[in-house]
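One structure is given here, and the rest of the page talks about it.
The values are calculated or read from the model by the stated rules, or taken from the named source; none is laboratory data. Only a predicted model underlies this, so the values are computations on that prediction, with no experimental measurement involved. Here the Cβ positions follow ideal geometry from the backbone for every residue, glycine too, while neighbour counts run over all protein chains shown.
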Amino acid sequence: MKELKYLNKYLKKYWLKLFVGIIITIIARIFSLVMPSYVNKSIKAVEDFLSGTISKPEAKDVLLEYILIIVGAALLSALFTFLMRQTIINVSRYIEYDLKNEVFDHYQFLNLNFYKRNRIGDLMNRISEDVGQVRMYAGPAIMYGIQTLTLFVCLIPLMFIKAPTIAMYTLIPLPILSVLIYQISKIIHKRSTKVQEYLSTLSTFTQESFSGVSVIKAYGLEPQINAELKGLAIEGKDTSMSLAKVNAWFFPLMILLIGISNIFVIYIGGKQYLAGEIESIGIIAEFILYVNMLTWPVAVVGWLTSIVQRAEASQKRINEFLKEQPTIKNEIEKLTPLKGKIEFKNVSFKYEDTEITALKNVSFTIEAGESVAFLGKTGSGKSTILDLVSRLYDVTSGEILIDDVPITQLNLNSLRSAIGAVPQDAFLFSDTIENNIRFGKENADKNEIVAVAKKAVVHENIMGFTKQYETILGERGITLSGGQKQRVSIARALLKDPEIYLFDDCLSAVDTETEEEILTNLKNASSDKTTLIVSHRVSSAKNTDKIIVLESGSILQEGTHDELNNSEGYYKELFLDQLSDKD
Ligand code: ADP
Ligand code: MG
């Protein structure tokens, strides 16, 4: 129960509702106790009539009264049972809501490293499956727990007072039932987890084969995929069958043990009646009803134990994750508007997970308003430099200064709001084009959006879609071409109008003429902004103030286009190469 203590703060938050719920639960159970004793009394009244102790009209009157009492108590019990669910189960939904929000908020704060360490599926599970298991503890477990406790406390003494011998024999099979249900619940849980795992494998497999359908068809892989699916299907059948086998035990076992209890009641009760030890046969009917009332709560004891264990395990996973602290902390309170000077001093950087040293002793200065192009082969560290400027990672050694202040001494929100980044693999949300651009500035109006789309030379394309700016992107909508995607992301960054632009190879899928046009627009839009532009084309670099050529994480060449073009080296080779490509 150690891990579940974490939920106490929520239980405290909703204590009043819970308290009322508990009172209602107790009331509901007490009303349900009325019926069996009145059934007994009714049978007694019939017996009295048969033996001539009371007259027919008297018996009728008494029976009518008892029936009304039974119906009334049943209605009240039903009403309170309804209210009980309305309070306690609702509380568990509130707690689920709060916990989901807490987990999601925490997700947003964690760094990229965390996301590389954990699989998306696991993260999703934590917020849906695990929180769901915990809810079972906060709601149903508490509700049925109280219900069972009330019933035990009221009913068992009552049974012993009424007929101690029958009570003793009746109760013997019930603990066995609890233990068996607990064991079965455990096995059921184990096997249903297997089924769950299987289902997620299956959905990953089908999803991949549907999204990759063009590749599968082009390579004629249909028979192979079919065979793989057949294998998966057999596995699915086996896991589901093994679950169905234990599930099948659940109710028969319950009915068997209740049956045994009932036989005891009838056998022992009958013997006692014949020996004249109990006055009415009605007590046997009363006890049969008690046994039935106790069955579910007794089964619940076993079921609850396994629910609490599961909730404990889930909460443990949630707690472990909530303890996880972002390595990049936003410790500086003061917000500072930035101008955009960027300085790298002997910066080295190693990716923790792959142990790859992406940058080695890199130093350069970019004045506010300057534009710099980063060139170099794939894997030379260009993207890493841009990620470090956004402080998606912290440097391993050396220092980055923005406006002459160490980047770690800046408020993270100040820094990131001063940056408009277009990453290499532009990500667009499954939303309208308009909203995707608006991501750069929440309160932008349509005119501003159209203006930046024009600058990014994507306006014409957008107007070509039937729904224009309202076109939905992604799975259910239109798929943009690589170049269109890049240009929508550029429009998004332009809309933000930041101090620092980070363009990571974002014109790679655009033809040279469009590239030229966009670059001219960018130059006009960002002439007073610091611009870092990564490219593998000389054409993007030619008009920048400075060019930095990287190789294996170190600076190979640095200078203006003219300087580099007049000396031998990578840049000149690239320039000549691409010049001849054009012809
Ligand atoms: P470029 O953008 O110039 O192609 P990158 O900066 O992306 O180069 O990568 C530099 C090196 O760091 C490469 O060797 C790459 O494999 C490695 N790398 C890049 N991103 C990651 C990452 N997120 N995790 C681990 N290694 C990475
Ligand atoms: Mg890159």
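Summary table
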{"item": "Segment 448-485, residues that are over 11 Å from THR432 (Cβ atoms), acidic (Asp, Glu) and surrounded by fewer than 16 Cβ atoms within 10 Å (Cβ to Cβ)", "result": "GLU460, GLU475"}
{"item": "Considering residues of segment 486-523 that are within 16 Å of ligand 2 (Cβ to nearest atom) and assigned to a helix (DSSP H, G or I) only, the residue surrounded by the most Cβ atoms within 10 Å (Cβ to Cβ)", "result": "SER489"}
{"item": "Candidate set: segment 346-371, residues that are among the charged types (D, E, K, R) and buried (at least 16 other Cβ atoms within 10 Å of the Cβ); chosen: the one farthest from ligand 2 (Cβ to nearest atom)", "result": "GLU370"}
{"item": "Residues of segment 363-378 satisfying the condition of being out of contact with any helix residue (DSSP H, G or I) (no Cβ under 7 Å at 6 or more places or on another chain) and not small (Gly, Ala, Ser)", "result": "PHE364, THR365, ILE366, GLU367, GLU370, VAL372, LYS377, THR378"}
{"item": "Candidate set from segment 263-282 (those that are part of a helix (DSSP H, G or I) and surrounded by fewer than 18 Cβ atoms within 10 Å (Cβ to Cβ)); member that is nearest to the chain's Cα centre (by Cα)", "result": "ILE263"}
{"item": "Failed item, numbered, when GLU399 is tested on (1) touching a Pro at 6+ places or on another chain (Cβ under 9 Å); (2) assigned to a strand (DSSP E or B); (3) within 16 Å of ligand 2 (Cβ to nearest atom)", "result": "(3)"}
{"item": "All helices (runs of 4 or more DSSP H) inside segment 419-471 with 2 or more residues being out of contact with any strand residue (DSSP E or B) (no Cβ under 8 Å at 6 or more places or on another chain), at pLDDT 80 or above and β-branched (Val, Ile, Thr)", "result": "446-455"}
{"item": "Residue match in segment 129-146 (condition: more than 30 Å from ASP387 (Cβ to Cβ) and among the hydroxyl-bearing types (Ser, Thr, Tyr))", "result": "yes"}
{"item": "Looking only at segment 107-121, and only at residues there that are in contact with a Ser or Thr (Cβ under 7 Å, 6 or more places away or on another chain) and part of a helix (DSSP H, G or I), the one that is modelled with the highest pLDDT", "result": "ASN113"}
{"item": "Filter result for the condition that a residue is crowded, with 20+ Cβ neighbours inside 10 Å and either assigned to a helix (DSSP H, G or I) or within 16 Å of ligand 2 (Cβ to nearest atom) (or both), over ILE176, ILE146", "result": "ILE146"}
{"item": "Residue list for segment 283-337, filter: in a loop (DSSP other than H, G, I, E, B) and of a type outside the set (Val, Ile, Thr)", "result": "GLU324, GLN325, PRO326, LYS329, ASN330, GLU331, GLU333, LYS334, LEU335, PRO337"}
{"item": "Of residues in segment 338-379 being on the phi > 0 side of the Ramachandran plot, within 16 Å of ligand 1 (Cβ to nearest atom) and assigned to a strand (DSSP E or B), the one modelled with the lowest pLDDT", "result": "GLY376"}
{"item": "ILE318 being closer than 30 Å to ILE407 by Cβ, touching a Leu at 6+ places or on another chain (Cβ under 8 Å) and of a type in the set (A, V, I, L, M, F, W, C)", "result": "no"}
{"item": "Number of positions in segment 525-562 that are in contact (Cβ under 8 Å) with a residue 24 or more places away in the chain and assigned to a helix (DSSP H, G or I)", "result": "5"}
{"item": "Residue in segment 385-396 that is farthest from ligand 2 (Cβ to nearest atom), counting only those that are surrounded by 22 or more Cβ atoms within 10 Å (Cβ to Cβ) and farther than 24 Å from ASN524 by Cα", "result": "LEU388"}
{"item": "Selected residue [away from ligand 2 (no atom under 16 Å from the Cβ), in a helix (DSSP H, G or I) and in contact (Cβ under 8 Å) with a residue 60 or more places away in the chain] from MET136, MET124", "result": "MET136"}
{"item": "Top-ranked residue of segment 66-83 - restricted to ones that are closer than 11 Å to ILE30 by Cα and not polar (S, T, N, Q), ranked as surrounded by the fewest Cβ atoms within 10 Å (Cβ to Cβ)", "result": "ALA74"}
{"item": "Failed condition for PHE160, given (1) in contact with a helix residue (DSSP H, G or I) (Cβ under 7 Å, 6 or more places away or on another chain); (2) modelled with pLDDT of 85 or more; (3) surrounded by fewer than 14 Cβ atoms within 10 Å (Cβ to Cβ)", "result": "(3)"}
{"item": "Subset of segment 487-504 (residues that are within 16 Å of ligand 1 (Cβ to nearest atom) and at pLDDT below 85)", "result": "none"}
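Residues are listed down the side, and each one gets a yes or a no for (1) at pLDDT 75 or above; (2) surrounded by fewer than 16 Cβ atoms within 10 Å (Cβ to Cβ); (3) within 16 Å of ligand 2 (Cβ to nearest atom):
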site: ALA525; (1), (2), (3): no, no, no
site: ASP528; (1), (2), (3): yes, yes, no
site: ASN543; (1), (2), (3): yes, yes, no
site: ILE548; (1), (2), (3): yes, no, yes
site: GLU551; (1), (2), (3): yes, yes, yes
site: ASP562; (1), (2), (3): no, yes, no
site: ASP581; (1), (2), (3): no, yes, no
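Conditions tested, residue by residue: (1) among the basic types (Lys, Arg); (2) in a helix (DSSP H, G or I); (3) more than 29 Å from the chain's Cα centre (by Cα).
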| position | (1), (2), (3) |
| --- | --- |
| LEU11 | no, yes, no |
| ILE22 | no, yes, yes |
| THR25 | no, yes, yes |
| ASP48 | no, yes, yes |
| THR53 | no, no, yes |
| ALA78 | no, yes, yes |
| ARG85 | yes, yes, no |
| ASP105 | no, yes, no |
